[in-house]
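Here is the structure we will look at.
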Amino acid sequence: MSYQVPEPKIFTCTQSAGLAERIAESFGTRLGKINFSRYSDGEFQPSFEESIRGMRVFLIGSTNPSSENLMEMLLMLDAAKRASARHITAVLPYFGWARQDRKDKPRVPIAAKLVAKMLEAAGATRIITMDLHADQIQGFFEKPVDHLFASTLFLPYLESLNLPNLTIASPDMGGSKRAYAYSKALNCDVVVCYKQRAVANTISHMELIGQVEGKNVVLVDDMVDTAGTLTKAADLMMERGALSVRAISTHPLLSGEAYERIENSQLTELIVTDSIPLKRESKKIRVISCAELFADVMQRVHNNTSISSKFLM
């Protein structure tokens, strides 16, 4: 008698509910029922309201701060493990705490590795995420990691713009590899910004390596937080003779004065995904959904088929 694999079930953390609904719709199913009980002091408890025994479950939730988002995911993983789920896949459109991926000075944590170990200890048997801040974070896990690239979404959009004299730019030295990959895919030039910081989120100096005069520039980054780097880079490139400056950033953290900076900047537009829900609308921000990408990869994972065709670079 052959064993028939049951259809997977998809559940969501509270902050990723909108994206999870779009993923479930593209997947061809509905979100599973989960209830969050909350105490007056802020403590909460997730409860699966349907059986998941022996099933593959996908738990969707970005783990960007506040730490409550990460705690939700950890508790859901633990609950799924204790409910006897067979496979528990943590779907993290944005893997938070990833900027602390190494010891860059004495007596600091490596938070990205700590989070990886916590996810595994809580019960994750597989991780699906997109555009990690550093590729080596995959090595912090002992479980399989499917690391997706938002270039799958952004490259077709850039090609549709038909921009003449296109140049790809990295806002810092750390993103030069990503910028080069985009420039290779689009067969165009690449330039790099060199920045120095006095303290976190504050740029003291920025220089440009390369020529942008008469070019339509697209800045490429994995995340945008305060938008200080992107807007300063855009201003610098316009000063150096660029025709226009756009920015692509996978994860729209957009904290502090980010929205004001973007709206008052010389950026033509900022293109992001919905890995993190926007706090408010902006006429300069265009959102490209990653729901179909995640739904397709989740289907392939469930059916044990290759996902290599989803990598455009």
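Please treat every number below as a calculation from the coordinates, not as lab data. All values reported here derive from a predicted model rather than from experimental measurement. Glycine gets a Cβ as well: all are built from the backbone with ideal geometry, and neighbour counts include every protein chain shown.
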Roughly speaking, what is the stretch gain from residue 111 to residue 81, that is 0.36 nm per residue apart minus the C-alpha to C-alpha distance, in nm to one decimal?
8.4 nm
What is the helix-to-structure angle for 111-122, meaning the angle in degrees between its Cα long axis and the longest Cα principal axis of the chain, kept from 0 to 90 and rounded to the nearest 10?
20 degrees
The answer for the longest stretch of the chain without any exposed chymotrypsin sites (Phe, Trp or Tyr not before Pro) (DSSP loop, at most 11 further Cβ atoms within 10 Å) is 40-310
Ranking request for peptides 261-269, 206-214: highest mean number of other beta-carbon atoms within 10 Å first, then the rest in descending order.
261-269, 206-214
Which residues qualify? For residue 87, with a placed amide H closer than 5 Å and at least 5 residues away or on another chain, they are 55, 56, 57
In the stretch 42-91, trypsin sites (Lys or Arg not before Pro) in a DSSP loop with at most 15 other beta-carbon atoms within 10 Å
53, 86
As a check on your grasp of the helix formula, calculate [θ] at 222 nm for the chain: sum -39500 (n - 2.57) over DSSP H runs of n ≥ 4, divide by the residue count, round to the nearest 500.
-9000 deg cm²/dmol
The pairs in 81/117; 33/81; 195/215; 184/284; 81/143 lying past 18 Å Cα-Cα in this model are 195/215; 184/284
Assuming R0 = 22 Å, what is the FRET efficiency of residue 309 and residue 157, from their Cβ-Cβ distance, to the nearest 0.05?
0.70
Which far-off residues, 5 or more places away or on another chain, put their amide H under 5 Å from the one on residue 271, with H placed in the peptide plane?
247, 248, 249, 286
Can you classify the stretch 1-54 as rounded, prolate or oblate using the Cα gyration tensor, where a ≥ b ≥ c are the square roots of its eigenvalues, rounded means a/c under 1.5, and otherwise it's prolate if a/b beats b/c and oblate if not?
oblate
Report the one residue of 60, 48, 29 whose Cα lies farthest in the direction of the positive end of the charge dipole of the stretch 23-67 (charges on C-beta: Lys and Arg +1, Asp and Glu -1; origin at the Cα centre).
29
Given H placed on each backbone N at 1.01 Å, which residues far from residue 209 in sequence or on other chains put an amide H within less than 5 Å of it?
192, 193, 194
For the stretch 166-192 and the stretch 240-266, compute the distance between their C-alpha centroids and round to whole Å.
17 Å
Measuring from the longest principal axis of the C-alpha atoms of the chain, the long axis of helix 228-239 (C-alpha) lies at a number of degrees, nearest 10, equal to 30 degrees
Just going by the charge dipole of the chain, with Lys and Arg at +1 and Asp and Glu at -1 on Cβ, which of 163, 186, 148 is farthest out on the positive end?
148
With Cα atoms, 0 to 90° folded angle of helix 176-186 axis to the chain main axis:
80 degrees
Pairwise FRET efficiency - residue 71 versus residue 7, Cβ, R0 = 30 Å, nearest 0.05:
0.55
State, to one decimal in nm, how far the label point of residue 47 lies from the label point of residue 278, with both points 7 Å from Cα in the Cβ direction.
3.7 nm
Would you work out the charge dipole size for the chain about its Cα centre, treating the Cβ of every Lys and Arg as +1 and the Cβ of every Asp and Glu as -1, and quote it to the nearest 20 debye?
640 debye
Under 1.5 on a/c is rounded, so check that first for the stretch 194-296, then, if it is not, pick prolate when a/b is larger than b/c and oblate when it is not; a ≥ b ≥ c are the square roots of the alpha carbon gyration tensor eigenvalues.
prolate
